[in-house]
Amino acid sequence: MTDPIIQVQGLHKWYSGVHALNGVSLDIQPNQAVGLVGDNGAGKSTLINILSGMQIADEGEIRFEGRPVQFRTPRDAMDAGIETIYQYNSMVPTMSIARNMFIGREPLRASVGGVGILDRKAMREASIAALRDVDLHLRSPDALVGELSGGQRQGVAIARAMHFKSKVMILDEPTNHLAVKETQKVLGFIQSLSELGITAIFISHNIHHVFECCDRIVAMARGEIVLDRPTSETSMDELHEVL
Amino acid sequence: MKRLLKIYLDKPEMTGIVFLILLTAVFEIRSDGVFLNAFNLQGMLGLLPETALVAIGVTLLMICGEFDLSVGSVFALMPMTMGVMLADGWPFVLAYPAGMTVALLVGLVNGIITVRFAIPSFITTLGMLFVARSATIVISGGFPPVIPPDAMPKALFTAFVGPGDMFRMSFLWFLAVALLVSLMLSRTNFGNWIRATGGFLPAAQAMGIPTARVKIACFMLCSLLAGFAGSIQVMRLGAPLPSIGEGLELQAVAAAVIGGTALTGGIGTILGGIIGATLIRVIDNGLVLSRVDANWFKMALGTLTVGAVILNAWLRQKSRAIRVETER
Ligand SMILES: Nc1ncnc2c1ncn2[C@@H]1O[C@H](COP(=O)(O)OP(=O)(O)O)[C@@H](O)[C@H]1O
Ligand SMILES: [Mg+2]
């Protein structure tokens, strides 16, 4: 077996009295698609928020590609190669697709102290290429994200993660409130990630979706991992029992 | 064709442009052609930079998702700081930057309090409106300071230039600032961060944008422009009165809103804010020329503001109804 890309050891997180994570340990292999399931309040979001730098753990250790890491900001995690796609949080509806693709990581033609002139041509061209790579054929990268359907938005977010060559993609309930057809499209994206050499952590409370596109199922309840099996060695019934 | 129509409907400053053309036509007719004659235009263009510079800052800050009610007070505080120092014998090259520093500090305080304590900027800057106005009156000692003649390089800001002496220098300063701020908003990564921060804060944060610093920078820029505008008015009038700029904060917000800036942030353009400010000057001047009682000014401004927002919402709805297929 290869070395895990992410190793989580004894992670704890408290929110003023609520023990949101109670000693979570988890190793994730490269190219794996891990499905993370559990009821509301199980601690799934807390776990991935720590992995994506949105929150800081109170106790425990994270290793990324073997090295211990401490992500203090989302940017730290992004720079390491971990991209997170949230249900709502990752796009600005009032901005164009091309601008959304590069928020915070804009290509510049000239700059002083990190602020500079946008290379708008590069932004448009890279957006078109990135969208094509995820098989999303949008008419123009200048269209506002607010005019896209939910599924198209997730497609753009995934295209963005691909463009920045992320190694790990975390998707927190990306299929919530999507129509059936759009949901299938997002599940298709997730399935194609391992061929592209990208590790995926897919959070959903729809067990069917997780079984459809993940190699491994991790179930959480009350801040702990209660089940961790390859998809082929577990069943929906077993999952229902532990949750 | 449909796409073209949609592009125009989507332009947030569209409503303002339509109103501007309409009102100009009305006033031109009602004033028997006086409204657009060279003399009257010269007068209007001489006053415009003072309102428009404030509107540029307020528009930028509103696009960033925040609000500044203290600009009218900073409009008075900056030149008062400068004036008191000049009256005290300090040279202009020190007094002017000192006034600008005070304006920047006000913006910094507005920004830090709003961001750190998560207070709505409406409240923070409402407080600052009173604080800065009070400071202006206190440092003036109740009387406008007597600035020695020639202590200020007035010509740099007020001299008439251009064909037929059509413009004041202040108009050129305003054009330069407008161009710079517009380019910053549309062509730099910092502009991208401003729009993202105002457009949808959680996304901006998740993408690693330093949203707190972006907001504070916008507060400071807004305050700086208000101070700059105030200094121009004082150069034009010759003495800093403690009461200048009263009510200007609401005119600036009206200008931004008429120009298509959304109160919720993320939507708007600098050009829109300028068009809004121009409309305010046009109404002010046009009513006088049409020999309408000056007390109607606020009535017209209020009606226009609400009307523009309604028209804007309607246009946006129409635009959304035009479904340009997004997928090929
Ligand atoms: N920011 C927060 N402040 C306080 N409590 C929180 C916060 N985020 C999550 N929690 C609590 O932590 C627990 C785990 O929440 P979460 O990780 O969001 O679960 P899940 O994503 O599995 O639904 C819940 O009891 C929730 O109420
Ligand atoms: Mg959750």
Original post:
Do you know which residues across the range B:215-229 are of a type in the set (A, V, I, L, M) and buried (at least 24 other Cβ atoms within 10 Å of the Cβ)?
Top reply: B:Leu225, B:Ala226, B:Ala229
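Counting residues that are over 17 Å from the mean Cα position of the chain (by Cα) and more than 28 Å from B:Gly43 (Cβ to Cβ), which helices (runs of 4 or more DSSP H) fully inside the range B:146-206 reach at least 1? Break it down into steps so the answer makes sense when it comes.
Numbers: elements: B:155-158, B:169-187, B:189-199, B:201-206.
Per the criteria, B:169-187, B:189-199, B:201-206.
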Subject >> Pair list, Cβ under 7 Å, 6 or more apart: the range A:40-56 residue aliphatic (A, V, I, L, M), other residue within 8 Å of ligand 2 (Cβ to nearest atom) >> reply: A:Ile48/A:Asp172; A:Ile48/A:Ile203
Original post:
In this structure, is B:Leu20 surrounded by fewer than 24 Cβ atoms within 10 Å (Cβ to Cβ) and free of Cβ contacts under 8 Å to residues at least 60 places away in the same chain?
Top reply: no
Original post:
Using beta carbons and a limit of 6 Å, which pairs, at least six apart or on different chains, have the first residue in the range A:195-222 and within 14 Å of chain B (Cβ to nearest Cβ) and the second one within 16 Å of ligand 1 (Cβ to nearest atom) and assigned to a loop (DSSP other than H, G, I, E, B)?
Top reply: none
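Select from the range B:268-302 the residues that are closer than 11 Å to B:Thr59 by Cβ and either surrounded by fewer than 23 Cβ atoms within 10 Å (Cβ to Cβ) or of a type in the set (Gly, Ala, Ser) (or both) and list them in ascending order. Can you show your working first?
Applying the first criterion (closer than 11 Å to B:Thr59 by Cβ) to the range B:268-302 yields B:268-277.
Answer for the range B:268-302, where residues must be closer than 11 Å to B:Thr59 by Cβ and either surrounded by fewer than 23 Cβ atoms within 10 Å (Cβ to Cβ) or of a type in the set (Gly, Ala, Ser) (or both): B:Gly268, B:Thr269, B:Leu271, B:Gly272, B:Gly273, B:Gly276, B:Ala277.
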Subject >> Subset of the range A:16-36 (residues that are within 29 Å of A:Met162 (Cα to Cα) and more than 11 Å from ligand 2 (Cβ to nearest atom)) >> reply: A:Val24, A:Ser25, A:Leu26, A:Asp27, A:Ile28, A:Gln29, A:Pro30, A:Asn31, A:Gln32, A:Ala33, A:Val34, A:Gly35
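Name the single residue, out of those in the range A:188-207 being more than 15 Å from ligand 1 (Cβ to nearest atom) and modelled with pLDDT of 90 or more, that is farthest from A:Asp27 (Cα to Cα).
Initial filter on the range A:188-207 (more than 15 Å from ligand 1 (Cβ to nearest atom)): A:188-200.
When the remaining residues are screened for being modelled with pLDDT of 90 or more, the result is A:198-200.
Numbers: A:Ile198: 15, A:Thr199: 12, A:Ala200: 13 Å.
Of everything passing the filter in the range A:188-207, A:Ile198 is farthest from A:Asp27 (Cα to Cα).
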Original post:
Which residues, counting only those in the range A:37-83, are within 14 Å of chain B (Cβ to nearest Cβ), surrounded by 21 or more Cβ atoms within 10 Å (Cβ to Cβ) and more than 16 Å from ligand 2 (Cβ to nearest atom)?
Top reply: A:Gly53, A:Phe71, A:Pro74, A:Ala77, A:Met78, A:Ile82, A:Glu83
Original post:
For the range A:106-142, how many residues are within 8 Å of chain B (Cβ to nearest Cβ) and basic (Lys, Arg)?
Top reply: 2
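Among the residues of the range B:281-320, how many are basic (Lys, Arg), closer than 28 Å to B:Phe171 by Cβ and in a helix (DSSP H, G or I)? Step through it out loud before you land on a result.
Step one: filter the range B:281-320 for residues basic (Lys, Arg), giving B:281, B:291, B:298, B:316, B:318, B:320.
Cutting the leftovers down to closer than 28 Å to B:Phe171 by Cβ gives us B:281, B:291, B:298.
Next, only the ones that are in a helix (DSSP H, G or I) stay: B:281, B:298.
Of the residues in the range B:281-320, 2 are basic (Lys, Arg), closer than 28 Å to B:Phe171 by Cβ and in a helix (DSSP H, G or I).
How many of the residues in the range A:84-93 are of a type in the set (A, V, I, L, M, F, W, C) and more than 7 Å from every other protein chain (Cβ to nearest Cβ)? Explain how you work it out, then say what you get.
Residues of the range A:84-93 of a type in the set (A, V, I, L, M, F, W, C): A:85, A:91-92.
Next, only the ones that are more than 7 Å from every other protein chain (Cβ to nearest Cβ) stay: A:85.
Of the residues in that region, 1 qualify.
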**OP:** Could you list all residues from the range B:183-216 that are small (Gly, Ala, Ser) and within 10 Å of another protein chain (Cβ to nearest Cβ)?
**Re:** B:Ser186, B:Gly191, B:Ala196, B:Gly198, B:Gly199, B:Ala203, B:Ala204, B:Ala206, B:Gly208
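Can you tell me which residue in the range A:94-105 is nearest to B:Arg316 (Cα to Cα), limited to those that are more than 9 Å from chain B (Cβ to nearest Cβ) and out of contact with any Asp or Glu (no Cβ under 6 Å at 6 or more places or on another chain)? Spell out how you get there, then give the answer.
Quick first cut of the range A:94-105, residues more than 9 Å from chain B (Cβ to nearest Cβ) only: A:96-98, A:101.
Okay, now just the ones that are also out of contact with any Asp or Glu (no Cβ under 6 Å at 6 or more places or on another chain), so A:97-98, A:101.
Numbers: A:Ile97: 19, A:Ala98: 21, A:Met101: 24 Å.
My answer is A:Ile97.
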Original post:
Within the group B:Leu237, B:Leu224, which residue is touching a helix residue (DSSP H, G or I) at 6+ places or on another chain (Cβ under 8 Å) and not aromatic (Phe, Trp, Tyr)?
Top reply: B:Leu224
Subject >> Set B:Ala151, B:Ala155, B:Ala226: member being at pLDDT 95 or above, within 24 Å of B:Trp90 (Cα to Cα) and more than 13 Å from every other protein chain (Cβ to nearest Cβ) >> reply: B:Ala226
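The values are calculated or read from the model by the stated rules, or taken from the named source; none is laboratory data. No experiment lies behind these values; they were computed from the predicted model shown. In this analysis, Cβ positions are derived from the backbone assuming ideal geometry, glycine residues included, and neighbour counts consider all displayed protein chains.
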